[in-house]
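First up is the structure itself, then whatever we jot down about it.
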Amino acid sequence: MTDRDTIIRHLRTEIGALGSRLNPDNDLLMSLRAQLRAHESRTSDNRRTQVFRRAANDIVPNESTREFAVSDSVSAKDMGEALVAVSSRLDLKFAEVRALGEITERVNSGIFFDEVLDHVFENFEKIIPYDRIGVALLEENDKGQTLVRTQWSRGKYENLHIRKGYTVPLESSSLQSITESRKPVIINNLEIHLDIHPDSRATRLLVKEGIRSNLTCPLMVQDKVTGFIFFSSLQPYIYMDAHIEVFSQIAGELARTLEKSRAYEDLCLRNEFIRKVFGQYVTNEVAEAVLSSDSALALGGDRRKVTVLMADLRGFTAMSEELTPEEVVDALNIYLGTMANVVMKYGGSVDNFIGDAIMAVFGAPVAKPDDTARAIACAVEMQNSMDAVNTEIEGRGLSKLIMGIGVSTGEVIAGNIGSEARIKYSVIGSTVNLAARIEGITSGGQIFAAAATFEEIRDIASIAGHLNVKLKGLNQPVPIYEITGIGGDYGVYKSEDDATTT
């Protein structure tokens with residue numbers, strides 16, 4: 001009889017003796033069984049066995065015997081096999097801890113659902129065997145029916161028949177009993193299972209893939225089943241109760257990890273949608289600032305200094321009466337689109353479109369030292385861009401458009417204004433009203449700025465003159481300046497083609 005045969009015989013004797021006195025789920029007993037299987041399949045680590053055998057000889061010299069079993073005696077050197085088994089068990093525990101630690105660390109650093117599961121697939125084989133892993137989550141349809149929808153699947157082979165999106169009602173599946181018991185289930189021969197349950201479409205598809213054994217574990221968060229993870233093998237009878245014990249210890253953490261990952265992904269997708277829509281009105285920088293603010297959705301606001309730009313077309317209302325609705329919308333879209341791009345180029349926010357008028361704000365929600373200068377540069381380029389707007393609309397047989405711009409600087413209340421049902425980030429205050437009134441007295445092609453605005457850019461501004469005007473609603477005349485350009489870092493001046501038209 002070979003040494004391996006002797007070891008196998010002794011291990012069987014020890015397991016038989018200990019099995020009569022210990023719980024079948026005892027860690028040592030399961031470790032000895034794992035070691036027995038390793039020797040039977042000739043996959044044991046002989047080098048490490050010899051190390052532990054020598055350690056056992058040092059502890060109990062002279063080949064003394066110890067009674068491990070009621071029916072047979074075992075020499076001290078064979079204690080090494082038990083030590084190897086215990087070591088293997090510890091190695092497995094350390095592997096579990098490492099794998100779980102790695103996946104938790106990755107999720108906490110913010111990765112998506114699929115990336116988490118890819119990491120599981122690439123790293124968990126050290127603690128549980130599989131040729132395929134799938135994850136399905138519970139969801140409810142608009143009829144109140146609970147569905148099991150596959151969210152992710154991956155195998156070591158191609159042609160997976162159950163992929164993302166595969167859906168079955170929970171009530172008609174074998175997963176309902178797992179949901180109720182909250183316990184993992186092993187099916188070690190899917191062909192036999194299919195014979196017993198011929199209506200199971202999922203089982204039929206797995207068998208078609210070549211899968212022969214399966215371990216299904218419920219994923220639970222706060223004692224509620226949220227989904228399932230499936231470990232599947234091409235070999236029958238591959239899963240044992242020990243695998244249930246191993247995975248049950250980490251299933252809860254993995255469920256929470258996946259839940260966090262899915263929530264993170266949903267949040268990213270939601271923010272990306274908001275950013276995409278919001279980004280049509282403000283710069284990416286402004287969108288990021290609003291999205292990252294903890295109070296971004298709270299009603300109310302705060303005082304801050306801004307520069308407000310109001311722009312409006314001259315005579316467009318009368319002209320639109322001669323156009324079809326489609327022509328009006330077409331002309332407005334060309335004009336408003338061009339102007340909005342200029343505003344965003346200079347870091348402003350399009351606060352509102354009011355018919356053919358535009359209200360832009362510089363300094364909210366993100367304030368910068370050069371808000372006023374950028375607003376003036378923006379106003380000049382907006383006037384210069386009217387040539388391109390008119391070239392395009394005149395090519396469609398529409399009349400030429402002309403625009404006036406008013407600019408005002410001062411304190412406003414900036415924040416979320418409206419109701420809980422509908423919120424709009426905006427600015428309100430006398431500075432806004434002043435910009436609108438100044439814009440109202442401009443002729444086409446002109447840019448008028450309030451005194452507070454001009455004082456901030458006096459050293460680099462170019463003007464065509466200034467005057468004091470009486471504005472509606474104000475008791476005293478207001479000084480205003482006609483802007484023709486701005487130097488310094490901006491170097492933007494009105495083109496010679498900008499005609500002033502009343």
*asked:* Just to confirm my numbers, what's the Cα centroid distance between segment 114-182 and segment 453-473 in Å?
replied: 68
*Simple label model, 7 Å out from Cα along Cβ direction - residue 191 to residue 171, nm*: 3.5
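If R0 is 41 Å, what FRET efficiency do you get for residue 495 and residue 352 from their C-beta distance, rounded to 0.05? Intermediate values should be presented prior to the final figure.
Numbers: r = 27 Å, r/R0 = 0.67.
Using R0 = 41 Å, I get an efficiency of 0.90.
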*What's the Cα-based Rg to Rh of segment 304-344, Rh via Kirkwood?*
1.11
*Mind scanning 260/305; 126/260; 164/424 and naming the pairs with a C-alpha gap bigger than 28 Å?*
260/305; 164/424
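Between residue 115 and residue 368, 0.36 nm times their residue separation minus their Cα-Cα distance comes to what? Please report the intermediate quantities before stating the final value.
On the way: separation 253, 0.36 × 253 = 91.08 nm, distance 3.87 nm.
Gain on stretching residue 115 to residue 368: 87.2 nm.
Treat the count of other C-beta atoms within 10 Å as a stand-in for reagent exposure and order 124, 316 from fewest to most. Kindly include the intermediate steps, with their values, before the conclusion.
Details: 124 23, 316 20.
Ranking 124, 316 by Cβ neighbours within 10 Å, fewest first, gives 316, 124.
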*asked:* Run the reach check for residue 494 against lysines, Cα to Cα strictly under 26 Å, same-chain hits fewer than 8 apart removed. What comes back?
replied: 345, 368, 400
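So if I average 1/r over every pair of distinct C-alpha atoms in segment 122-265 and take the inverse, what Kirkwood radius in Å does that give? Don't skip to the end; give the middle numbers.
Details: mean 1/r = 0.0647 Å⁻¹.
For segment 122-265, inverting the mean 1/r across all distinct Cα pairs yields 15.5 Å.
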*Using label points projected 7 Å from each Cα along Cα→Cβ, tell me how many nm separate residue 392 and residue 143, to one decimal.*
4.8
*asked:* Which residue, 152, 231, 221, has the largest displacement toward the positive end of the dipole of segment 122-265 when charges sit on each Cβ (Lys, Arg +1; Asp, Glu -1)?
replied: 152
*From the phi of every residue in segment 436-449, what ³J(HN,Hα) in whole Hz does the Karplus formula 6.51 cos²θ - 1.76 cosθ + 1.60 yield, where θ is phi - 60° and glycine or proline is x?*
5, 5, 5, 4, x, 9, 6, 9, x, x, 8, 10, 10, 10
_Expected output is a single nm value to one decimal: the length gained when fully extending between residue 37 and residue 201, i.e. 0.36 nm times separation in residues minus the C-alpha distance. What is it?_
55.6 nm
*Residue-wise, which Karplus ³J(HN,Hα) couplings in Hz belong to segment 345-350, taking 6.51 cos²θ - 1.76 cosθ + 1.60, θ = phi - 60°, and x for glycine or proline?*
4, 9, x, x, 10, 6
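Quick check on segment 293-493: what are the equivalent-ellipsoid semi-axes from the Cα gyration tensor, as sqrt(5λ), descending, whole Å?
Numbers: eigenvalues 134, 100, 55 Å².
With the √(5λ) rule applied to segment 293-493, the semi-axes are 26, 22, 17 Å.
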*Between residue 326 and residue 235, what length comes free when the chain is fully extended (0.36 nm per residue of separation minus the Cα-Cα distance, one decimal in nm)?*
26.1 nm
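Any read-out appearing in this document is the output of simple, stated calculations on the displayed coordinates, not a laboratory observation. Worth saying up front: this structure is predicted, and the values here are computed from it rather than measured. Cβ atoms come from the backbone with ideal geometry, glycine included; neighbour counts cover every protein chain shown.
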